[in-house]
Amino acid sequence: MTNIKNIGFVGLGIMGKPMAKNLIKSGFVVKVYDRVRAPMDELEQADAVLASSSRECAEGQDAVITMLPDSSDSEAAILGSDGILEGMSQGTIIIDMSSIAPGVSQKIADACNNKGVDFLDAPVSGGEPGAIAGTLAIMVGGQADVFERASSIFDAVGASTVLCGDYGAGNTTKLANQIIVAANIEAVSEALVLVRKAGLDPNVVLQAISGGLAGSKVLDAKGPMMIEGNFEPGFRLRLHRKDLANALRTASELSVQLPVTVLVQQLIEALVDQGQGDKDHSAIANAIEDMAAITISEGKT
């Protein structure tokens with residue numbers, strides 16, 4: 001199968017909904033399913049076909065994409081009763097674009113291969129803005145020929161796509177991405193709290209440092225949010241907690257020490273325990289603000 005036209009899409013959250021819309025805009029016929037009705041109704045207005053289950057969403061499709069919160073969700077949606085794999089035929093493709101544990105991706109791949117269904121794990125980076133704009137960075141694990149067959153799908157939702165290795169390699173790469181992003185956000189938080197406490201204008205500081213070695217996409221995207229006190233979610237803090245937990249679990253399996261990741265995860269755990277899990281992950285700054293008894297946005301103790 002080389003010409004992919006009909007796509008199922010399971011999981012219409014912050015990321016999945018705009019991704020499904022971009023597939024429709026690119027000319028694919030998209031059938032969608034989510035346990036929540038509202039995004040399905042919105043997608044129906046954008047010419048999507050509605051399904052009543054994961055299995056129904058998969059039936060008759062050339063490929064099915066999943067965009068779900070965690071490993072257990074992907075496993076249930078794909079391998080569970082009335083799941084996606086039950087509705088797939090030989091030679092079709094399941095593309096799990098969720099950020100999950102690499103070992104679970106490998107388990108799903110084995111089950112798919114046993115049925116003659118191809119599989120790719122293809123988590124993304126770029127958050128809600130990238131999902132809306134169709135500019136996501138996509139990290140893929142799987143077989144090269146399947147990766148090539150799915151290229152038109154990736155082109156519709158992303159700006160860059162890299163085959164990182166065999167099954168699970170996409171999610172291992174995503175864990176590396178999430179470690180770097182989390183550590184960067186924490187460092188930006190410390191820096192902006194420091195300059196605010198010192199009486200400087202953090203906007204001026206951002207302007208001064210963004211063109212140097214400290215400049216980064218994280219600094220450009222998250223620094224202004226911290227200064228504004230705007231923590232509306234582009235990527236939820238509780239989901240970053242999940243990703244770092246997967247990173248630490250994978251590191252333990254490989255006997256690798258991740259000391260900074262452990263510290264950042266502790267900050268995130270505390271914030272989630274305080275009920276802040278649905279804030280943007282730039283809210284890591286709140287933990288540093290609390291320790292300094294000052295806010296970046298106002299500079300008041």
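Listed highest first by mean packing, meaning other Cβ atoms within 10 Å per residue, what order do 129-135, 247-253 come in?
Order by mean packing, descending: 129-135, 247-253.
Work out the length of the dipole vector of the chain about its Cα centre, built from +1 on the beta-carbon of each Lys and Arg and -1 on the beta-carbon of each Asp and Glu, and round it to the nearest 20 debye. Before the final figure, lay out the partial values.
Details: 23 positive and 37 negative charges, 63 e Å.
Using only the charged Cβ atoms, the result is roughly 300 debye.
Quickly rank 161-168, 22-29 as a protection proxy: mean count of other C-beta atoms within 10 Å, highest first.
Top to bottom by mean Cβ count within 10 Å: 161-168, 22-29.
Relative to the first principal axis of the alpha-carbon coordinates of the chain, what is the inclination of helix 102-115, with its axis defined by its Cα atoms, in degrees from 0 to 90 and to the nearest 10?
Around 10 degrees separate the two axes.
Provide Rg and Dmax in Å for the chain, with only Cα atoms included in the calculation.
20.1, 64
Using mean Cβ contacts within 10 Å as the protection proxy, how do 14-20, 71-77 order, highest first?
Peptide ranking by packing, descending: 14-20, 71-77.
If you look for lysine pairs in the chain that are eight or more places apart or on different chains, how many of them have Cα atoms under 17 Å apart?
Taking the chain as the scope, the lysine pair count is 12.
Read-outs: derived from the displayed coordinates by stated rules, not from any lab. Small disclaimer: the values here were computed from a predicted structure and weren't measured. Cβ atoms come from the backbone with ideal geometry, glycine included; neighbour counts cover every protein chain shown.
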